[in-house]
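Trainee: Before I ask anything, here is the structure I am working with.
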Amino acid sequence: MIRHRRSLILLLLLTWPLAAAGQPAITPPRTVDGVAIDPDAELVVALADDTTNMDPRIGMGSIRSNYIRQVFEGLVDVDAQGRPVPGLALSWKPVSELTWEFALRRGVTFHDGEPFNADTVLFNLDRFFRRNFDKWGLKDVLAATSFEKTYPFVTRWEKVDDYTVRVHTSEPAPTLWDFIGREPMVPRAYTLKNGVDGLNDRPVGTGPWKMVEWKRKTSMVFERNDAYWGTAPLFRKMRFQTIPEGAARIAALRAGQVGLIEGVPPFDAPALAQDARLKVVSSPQKLSCRLYLNARPKDKYDSGGKDGLFADQRVRLALNLAINKDAIVKKIFNGYALANASPVASVSYGYAAQEAYPYDPARARTLLAEAGFRDTNPLTLQLLFPAKHYGQSFDEMTPAVAEMLKDVGVQVTLKPVDFATLLQTASKGTLPPNGGFAACRTGNNLDADDYLRDWAAIAMINWAPYPPELMSLYTATRREVDAPKRLKLLADLQRQVRDWAPVVALYQEVKVYALSARVLRFAPLPELNMDFRGVAVKR
Amino acid sequence: MRAFLLRRALHAVFVLWGVVSAVFFLVRLTGDPTPFLVDQTATQQEIAEARTRLGLDRALHVQYLDFLRSVPRGDFGTSIREKRPAMQMVLEHLWPATVELAAAALLLSTILAIPLGVASATHKNGAVDHASRLASLFLQSMPSFWLGLMLILLFAVELGGLLPAFGSGSLRHLILPAVTLAAAPLAQNVRLIRSGMLEVLQQDYVRTARAKGLAERFVIYRHALRNAAIPVITVTGLSLGFMLSGAVIIETVFSWPGMGRLIVQAVPGRDFPVIQAGVFVFALIFVGLNLIVDLLYTVVDPRVRLT
């Protein structure tokens with residue numbers, strides 16, 4: 001058995017991506033695709049909001065990620081297709097069933113000249129898992145993800161040499177490369193000297209951009225990191241400008257006062273694309289929007305003694321069949337969304353496409369009747385809806401979905417709430433038995449596990465806990481270190497989750513950007529952040 | 001006068017205590033900020049631990065007493081979202097951005113209103129009066145976000161970037177947001193001055209002044225306007241309060257880094273310390289402005305005595 005596992009580990013080792021060693025610095029090109037570029041240009045990028053923090057430990061939500069990932073990098077990078085590629089680590093591999101080894105990139109320095117090495121990684125692991133704060137004399141921060149709680153099976157880490165780190169676990173952890181690798185690395189000496197407040201206010205990373213000025217709620221200015229180890233941006237300066245209003249962002253782009261805008265409303269995109277001075281590009285995102293339905297047993301929420309009304313799989317499946325997702329994608333998102341029946345985002349590692357839920361109101365009625373919900377005893381749904389949080393298209397979609405559910409006999413009460421109220425209801429477990437909510441979830445990790453763990457432990461977004469057989473399968477995906485075998489398990493789990501239908505899958509977001517035609521080689525990532533490495537500005 | 005000022009200062013302390021206490025309890029009625037700070041897959045135990053770390057698990061009266069002890073020192077705590085001193089954040093947005101914008105809009109709305117309102121009253125039912133009333137109606141009825149966007153489209157896009165579409169820091173940046181913010185108060189002031197002037201121009205002392213052979217301009221601006229301006233002072237005081245505190249839509253459209261948007265963003269984010277510090281500063285501004293308005297009455301109308 002052990003020999004068999006060793007051979008699998010060896011196979012995995014051989015198939016894992018290995019990158020070339022650090023590349024020597026080269027003279028930046030003066031042309032791109034035959035077009036003369038301006039290496040000293042400043043690119044102004046308009047975003048809807050400013051970040052609230054720059055210390056990655058505090059949180060990496062969608063807006064914040066955009067800022068933080070310009071300055072900081074993790075061990076594992078991501079390419080334009082969303083695939084994991086070497087970042088600050090050249091390679092990563094399991095060296096035994098319970099040990100992962102990261103080979104670090106040599107010659108990398110932080111913006112202040114501090115070298116990146118194994119000591120940096122150990123310090124960061126201490127911060128991730130809240131260890132040795134006394135030893136470091138470091139203030140703890142309230143982190144969005146509690147590594148020590150979420151990944152309690154990570155037991156210790158060690159330095160093998162200056163550029164090799166091993167992480168040990170108490171059980172096989174096939175996604176360790178992802179949850180540790182995607183977390184940005186901060187400098188050790190700088191953080192110890194300036195404290196976490198210093199790190200938050202004046203961040204110093206290894207990334208392609210150095211932050212040089214931050215006017216809160218207004219703008220952040222970056223300068224190219226000329227000592228960057230990888231493909232650097234081909235322009236000198238970048239400013240992230242906060243412009244909260246979508247129409248104002250578009251006006252600023254059309255006036256030529258900004259070079260790129262994010263979050264273009266779907267129905268504005270075609271008009272912008274017709275302007276010869278502009279380009280419109282888009283990419284699927286890891287934002288999956290769903291209806292979460294109360295399928296919790298009565299001992300898992302503040303129930304008043306009643307099980308969730310949606311515990312019956314047939315009911316949840318019926319609601320999936322009642323939604324015309326193609327119409328939503330076309331009419332509300334103008335094609336800038338995907339109907340995805342898999343519980344995993346289409347751009348995640350391990351995603352397996354699943355058969356779409358057909359739009360079949362007749363079958364939906366039949367399933368509801370089989371579950372005991374007929375015209376004389378209709379199914380009721382109190383649907384919480386966080387208005388003005390996910391954008392105008394989401395706000396238009398939710399009432400449309402409610403109407404589709406009404407068409408199959410569900411009595412829907414739509415209750416707009418502010419996002420904080422929704423979070424509180426979900427976190428305290430105070431949904432009524434016939435309750436549900438419309439919400440979107442995203443993540444910073446690449447692996448499918450990021451999505452599939454949604455139904456493993458009772459959490460804010462888990463209102464349909466895995467039944468024992470799915471829990472076993474899920475556990476198997478978390479213990480299988482052999483990559484091909486694990487991919488098969490992941491695909492199997494996605495198929496079974498699709499059939500079990502824990503949520504009503506609505507759409508996966510496609511993010512739309514508009515940019516000046518002078519901006520060359522900008523490719524949107526299927527990630528929360530933008531990447532300007534290799535991007536140039538026409539002279 | 002001294003007694004008046006002392007009494008008003010005492011009133012101010014009670015008003016501010018009432019405001020900070022009300023806001024302290026009201027924001028807590030809106031719920032718990034902790035779910036914002038943790039991952040969406042966080043368990044109830046993790047959320048409970050986060051609440052403890054923020055001190056939100058303590059009894060409400062303990063939190064309130066702590067808060068009251070800190071307020072006189074200007075310490076409103078640390079922003080839950082940004083981890084920075086809340087009062088520092090509010091003051092950074094108040095000065096210069098909010099004050100600059102409010103002062104410019106106040107200047108525009110009063111300086112332009114005086115000649116327009118006077119001309120409208122002295123040319124009652126004439127072309128100038130009709131144009132002025134129509135323009136006032138138009139400016140008052142237009143939603144400020146729409147006016148702002150139209151000005152951006154005109155001056156930043158169609159006229160080839162004559163004025164910047166967003167941002168702050170120079171006079172050019174200030175023009176469009178100040179004009180947008182000044183539009184509604186300007187219209188209001190024009191109408192107030194017009195109606196005040198129409199009333200005053202009928203008074204005996206105006207007739208006497210004219211009978212004395214004083215120049216018409218002197219009669220209007222020295223004798224009539226001074227009396228017609230009293231309601232304008234009251235409204236301007238309130239308008240300035242609105243401009244300082246409630247210009248959030250203009251700040252959003254023009255990406256102006258003012259205080260209004262800071263507070264409005266803090267409310268859905270349940271950033272209690274920032275809301276408390278912001279409301280305290282607003283209350284202080286309103287109390288101060290009311291006092292200034294009362295003092296101004298004595299300057300404009302010598303019959304008014306403050307006791």
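The values are calculated or read from the model by the stated rules, or taken from the named source; none is laboratory data. As the structure is a prediction and not an experimental result, all values here were calculated from the model. Quick reminder, even Gly has a Cβ in these numbers, built from the backbone with ideal geometry, and neighbours come from all protein chains shown. Each accessible area value is taken on the protein alone, full model and side chains, heavy atoms only, with ligands, DNA and RNA left out. Shrake-Rupley method; radii C 1.70, N 1.55, O 1.52, S 1.80 Å.
Trainee: Determine if segment B:92-115 includes at least one residue that is modelled with pLDDT under 90, over 19 Å from B:L244 (Cβ atoms) and open to solvent by less than 40 Å² (accessible area, probe 1.4 Å).
Mentor: So far as segment B:92-115 goes, no, none of its residues is modelled with pLDDT under 90, over 19 Å from B:L244 (Cβ atoms) and open to solvent by less than 40 Å² (accessible area, probe 1.4 Å).
Trainee: Within segment B:1-59, which residues are without any contact (Cβ under 8 Å) to a residue 40 or more places away in the chain, within 10 Å of chain A (Cβ to nearest Cβ), open to solvent by less than 20 Å² (accessible area, probe 1.4 Å) and not aliphatic (A, V, I, L, M)?
Mentor: B:T34, B:P35
Trainee: Which one is farthest from A:G87 (Cα to Cα) among residues in segment A:124-166 that are aromatic (F, W, Y) and in contact with a helix residue (DSSP H, G or I) (Cβ under 7 Å, 6 or more places away or on another chain)? Show your work before the answer.
Mentor: Taking segment A:124-166 first, the residues aromatic (F, W, Y) are A:128-129, A:133, A:136, A:147, A:151, A:153, A:157, A:163.
When the remaining residues are screened for being in contact with a helix residue (DSSP H, G or I) (Cβ under 7 Å, 6 or more places away or on another chain), the result is A:128-129, A:136, A:147, A:151, A:157, A:163.
Numbers: A:F128: 18, A:F129: 21, A:W136: 26, A:F147: 21, A:Y151: 22, A:W157: 19, A:Y163: 13 Å.
Out of the qualifying residues, it is A:W136.
Trainee: For the subset of segment A:263-289 comprising residues that are of a type in the set (D, E, K, R) and open to solvent by 10 Å² or more (accessible area, probe 1.4 Å), which member is farthest from the other protein chains (Cβ to nearest Cβ)?
Mentor: A:K279
Trainee: So, in segment B:120-149, of the ones that are in contact (Cβ under 8 Å) with a residue 24 or more places away in the chain, among the aliphatic types (A, V, I, L, M) and more than 10 Å from every other protein chain (Cβ to nearest Cβ), which residue ends up most open to solvent (accessible area, probe 1.4 Å)?
Mentor: Residue satisfying both the conditions and the ranking: B:L137.
Trainee: Next question, about the same structure. Looking at (1) over 22 Å from the mean Cα position of the chain (by Cα); (2) open to solvent by 10 Å² or more (accessible area, probe 1.4 Å); (3) not acidic (D, E), find the lone condition where A:L470 falls short.
Mentor: Evaluating A:L470 over (1) over 22 Å from the mean Cα position of the chain (by Cα); (2) open to solvent by 10 Å² or more (accessible area, probe 1.4 Å); (3) not acidic (D, E) leaves (2) as the failure.
Trainee: A further question follows. Across segment B:259-283, what is the total count of residues that are within 13 Å of the chain's Cα centre (by Cα) and facing another protein chain (nearest Cβ under 9 Å)?
Mentor: Residues in segment B:259-283 being within 13 Å of the chain's Cα centre (by Cα) and facing another protein chain (nearest Cβ under 9 Å): 1 in total.
Trainee: A further question follows. List the pairs whose first member sits in segment A:354-377 and is closer than 18 Å to A:V497 by Cα, whose second member is aromatic (F, W, Y), and whose Cβ atoms are under 6 Å apart, counting only residues at least 6 apart or on separate chains?
Mentor: none
Trainee: Got a number for residues in segment A:237-255 being open to solvent by 10 Å² or more (accessible area, probe 1.4 Å), touching a residue at least 60 places away in the same chain (Cβ under 8 Å) and closer than 12 Å to A:L278 by Cβ?
Mentor: In the first step, residues of segment A:237-255 are kept if they are open to solvent by 10 Å² or more (accessible area, probe 1.4 Å); the result is A:237, A:239, A:244-247, A:249-250, A:254-255.
Filter once more, so that each one left must be touching a residue at least 60 places away in the same chain (Cβ under 8 Å): A:237, A:239, A:244, A:246, A:249-250.
Subset that is closer than 12 Å to A:L278 by Cβ: A:250.
Residues flagged as open to solvent by 10 Å² or more (accessible area, probe 1.4 Å), touching a residue at least 60 places away in the same chain (Cβ under 8 Å) and closer than 12 Å to A:L278 by Cβ within segment A:237-255 amount to 1.
Trainee: Let me spell it out: the conditions are (1) among the β-branched types (V, I, T); (2) within 14 Å of another protein chain (Cβ to nearest Cβ); (3) out of contact with any helix residue (DSSP H, G or I) (no Cβ under 8 Å at 6 or more places or on another chain), and B:I152 meets all of them except one. Which number is the exception?
Mentor: (3)
Trainee: At pLDDT below 85, hydrophobic (A, V, I, L, M, F, W, C) and either touching an Asp or Glu at 6+ places or on another chain (Cβ under 8 Å) or over 29 Å from B:F286 (Cα atoms) (or both): does that describe B:A211?
Mentor: No: the conditions fail for B:A211.
Trainee: Which of the residues belonging to segment A:130-166 are aromatic (F, W, Y), away from chain B (no Cβ under 14 Å) and not in a helix (DSSP H, G or I)?
Mentor: The initial filter retains those residues of segment A:130-166 that are aromatic (F, W, Y), namely A:133, A:136, A:147, A:151, A:153, A:157, A:163.
With away from chain B (no Cβ under 14 Å) added as a condition, the list becomes A:136, A:153, A:157, A:163.
Across segment A:130-166, the qualifying residues are A:F153, A:W157, A:Y163.
Trainee: While we're looking at this one, here's another question. State which residue pairs qualify: first residue at negative phi and buried (at least 17 other Cβ atoms within 10 Å of the Cβ) and inside segment A:474-490, second residue of a type in the set (G, A, S) and part of a helix (DSSP H, G or I) in any location, beta carbons under 7 Å apart, and separation of 6 or more residues or different chains.
Mentor: A:L489/A:A476
Trainee: Now, a different point. Any chance segment A:135-148 includes a residue that's open to solvent by less than 10 Å² (accessible area, probe 1.4 Å) and over 20 Å from the mean Cα position of the chain (by Cα)?
Mentor: No, every residue in segment A:135-148 fails to be open to solvent by less than 10 Å² (accessible area, probe 1.4 Å) and over 20 Å from the mean Cα position of the chain (by Cα).
Trainee: Now a separate question. Answer yes or no: is there a residue in segment A:423-432 that is open to solvent by 30 Å² or more (accessible area, probe 1.4 Å) and over 26 Å from the mean Cα position of the chain (by Cα).
Mentor: yes
Trainee: Quick test for you: out of A:L75, A:L98, pick the one residue that is more than 18 Å from the chain's Cα centre (by Cα) and either surrounded by fewer than 16 Cβ atoms within 10 Å (Cβ to Cβ) or at pLDDT 80 or above (or both).
Mentor: Going through A:L75, A:L98 in turn, just one is more than 18 Å from the chain's Cα centre (by Cα) and either surrounded by fewer than 16 Cβ atoms within 10 Å (Cβ to Cβ) or at pLDDT 80 or above (or both): A:L98.
Trainee: Would you check if A:F116 is away from chain B (no Cβ under 13 Å) and farther than 19 Å from A:Y190 by Cβ?
Mentor: Spelling it out, it is not the case that A:F116 is away from chain B (no Cβ under 13 Å) and farther than 19 Å from A:Y190 by Cβ.
Trainee: Kindly indicate whether A:T31 is open to solvent by 20 Å² or more (accessible area, probe 1.4 Å), more than 13 Å from chain B (Cβ to nearest Cβ) and modelled with pLDDT of 85 or more.
Mentor: Taking the combined requirement at face value, the residue satisfies it.
Trainee: Mind telling me which of the residues A:V108, A:V141 ends up being at pLDDT 90 or above and not small (G, A, S)?
Mentor: A:V108
Trainee: Here's something else I'd like to know. Take the residues in segment A:212-224 that are more than 14 Å from chain B (Cβ to nearest Cβ) and out of contact with any Phe, Trp or Tyr (no Cβ under 6 Å at 6 or more places or on another chain); name whichever of them is least open to solvent (accessible area, probe 1.4 Å).
Mentor: A:R224
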